[in-house]
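The values are calculated or read from the model by the stated rules, or taken from the named source; none is laboratory data. All figures in this text were calculated on a predicted structure; none of them were measured in a lab. Please note: Cβ atoms are built from the backbone with ideal geometry, for glycine as well, and neighbour counts cover all protein chains shown. Just so you know, the surface numbers come from the protein's heavy atoms only, side chains and all, with ligands and any DNA or RNA stripped out. Shrake-Rupley method; radii C 1.70, N 1.55, O 1.52, S 1.80 Å.
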Amino acid sequence: MQVRALRLQDVDYGNQWDEEIEDRWEYDDFRADSAWREGWISMDSVYHNAEDDRVYLGITSFNADIFGAYDRATGEFLDLGYGKVADPFDAKFHRSLVRWEKDGCLYGAIALLHDIDRYWEAPGGAIVKYDPSTGEIQKLGVPMPHMYIQSICLDQDRGVIYGMTFTPERMFRFNLADGRSDDLGPISSGMEMAQGENVELDDDGCVWCGWSVTRAWQNFAGVDRNRLCKFDPETDRIAYFDAGLPKPDGSYGYERVEGLFNLGEGRMYASGANGSIYRIDTETGMGTYLGTPVADRRSRLTTLQPGPDGAAWGVTGRDGKCEVIRFDADSESWDLLGPVSDGDAHCWQVHDVAVAPDGTIYAGENDSPYRSGYLWEIKV
């Protein structure tokens, strides 16, 4: 396996995080520090576009520079001109890059880093359209004023973008034909973050994410508070299931969902509980626990993306100890194929991956507290 760390930014902050920043700095502190504002980035969305063989990137940035691409032919990172439409509160495309087959354009959605004390100043997350053939970029509208968008998915047939906001947590629908937005309802009451890293469409056009119960009259919302829900466009309602991801040890309760994956042929999977993998029953919302690929240390598994070999690929692990995972949906088994490291550089954790037609994996590293995140190129 060949692994390369592709570096758009390469700034080392040494021990500054542990000594000065963790549990102390807020959004305005990072914005005020030029080294972090201009030098630190995180890779939150990764999408390979076969039409131009570029890897498009949703980037976290305190400087509102949140959209770029890696050109596989030249080996160079590209500035896509996001500065022409940027607002200072535009912080990232967080699992929010999709392509509409009808027009060949990419669509992203803007997430936040600021706190609620800036709610009325910040306009809200916009839907952004980018045409790879012309380089034109524009904001189409803000679905939910002053709220920002954590993730989107696209219904190709209906021409509709669905998404989750934060904060507060709500589900919305954005119609690409006329720019109309609909508030579809809440997915939490604000006691804690209920959603996982992405929102996912199943083969029936239903939209899946996490939700959570409140139990406001009690001291604790309960070990079964994290559940799954889906929006059904046929009924035009969210179905909130009393079901979710079972505890790996068999005890009562549900784990909070981390990632949701549609692997085709009606097969929906999810991750949670230290990167554990679950099969989802799309009628009941109940998960079946399949196993935990990395059980002996902290781990996560935010995405599995289908590859040309018929398997789904991702990166699991955490804290600089990450491994490539190949998941076979037919047998519901997996293999760990080796570490994501390039010399002395070790992948901190992965937020999104894309798989090119030749099988090359591109993994977006996010939230390293010590340096900027890399785009990892993995050839198995």
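Brief remarks follow.
- Filter pass, residue 206 being hydrophobic (A, V, I, L, M, F, W, C), in contact (Cβ under 8 Å) with a residue 60 or more places away in the chain and surrounded by fewer than 24 Cβ atoms within 10 Å (Cβ to Cβ): yes
- Filter result (among the basic types (Lys, Arg) and farther than 13 Å from residue 66 by Cα) within segment 92-144: 99, 102, 118, 129, 139
- Hits in segment 76-85 (condition: open to solvent by less than 40 Å² (accessible area, probe 1.4 Å) and part of a helix (DSSP H, G or I)): 82
- For residue 320, the conditions (1) under 18 Å from the mean Cα position of the chain (by Cα); (2) small (Gly, Ala, Ser); (3) closer than 20 Å to residue 273 by Cα all hold with the exception of (1).
- All positions within segment 209-246 that are among the basic types (Lys, Arg) and within 19 Å of residue 193 (Cβ to Cβ): 215, 225, 227, 230
- All strands (runs of 3 or more DSSP E) inside segment 86-161 with 1 or more residues being open to solvent by less than 10 Å² (accessible area, probe 1.4 Å): 92-99, 106-111, 127-130, 148-155
- Whichever residue in segment 328-380 is acidic (Asp, Glu) and at positive phi and, among such residues, is least open to solvent (accessible area, probe 1.4 Å): 332
- Enumeration of residues in segment 10-55 that are surrounded by fewer than 17 Cβ atoms within 10 Å (Cβ to Cβ), within 24 Å of residue 343 (Cα to Cα) and under 25 Å from the mean Cα position of the chain (by Cα): 10, 11, 12, 17
- Among the residues listed as 308, 293, the single one being touching a residue at least 24 places away in the same chain (Cβ under 8 Å), in a loop (DSSP other than H, G, I, E, B) and closer than 23 Å to residue 346 by Cα: 293
- Scanning segment 173-187 for residues that are over 24 Å from residue 256 (Cβ atoms), in a loop (DSSP other than H, G, I, E, B) and touching a residue at least 40 places away in the same chain (Cβ under 8 Å) turns up just one, 176.
- Screening residue 220 on (1) free of Cβ contacts under 8 Å to residues at least 12 places away in the same chain; (2) crowded, with 22+ Cβ neighbours inside 10 Å shows it passes everything except condition (2).
- The set of residues from segment 109-168 being of a type in the set (Ser, Thr, Tyr) and modelled with pLDDT of 95 or more comprises 119, 130, 133, 134, 148, 151, 162, 165.
- Of all the criteria given as (1) more than 22 Å from the chain's Cα centre (by Cα); (2) more than 30 Å from residue 380 (Cα to Cα); (3) at pLDDT 95 or above; (4) open to solvent by 50 Å² or more (accessible area, probe 1.4 Å), the one not satisfied by residue 1 is (2).
- Segment 162-172: number of residues that are charged (D, E, K, R) and either open to solvent by less than 40 Å² (accessible area, probe 1.4 Å) or not in a strand (DSSP E or B) (or both): 1
- Counting only residues that are touching a residue at least 12 places away in the same chain (Cβ under 8 Å), of a type in the set (Ser, Thr, Tyr) and open to solvent by 60 Å² or more (accessible area, probe 1.4 Å), segment 232-285 holds 3 of them.
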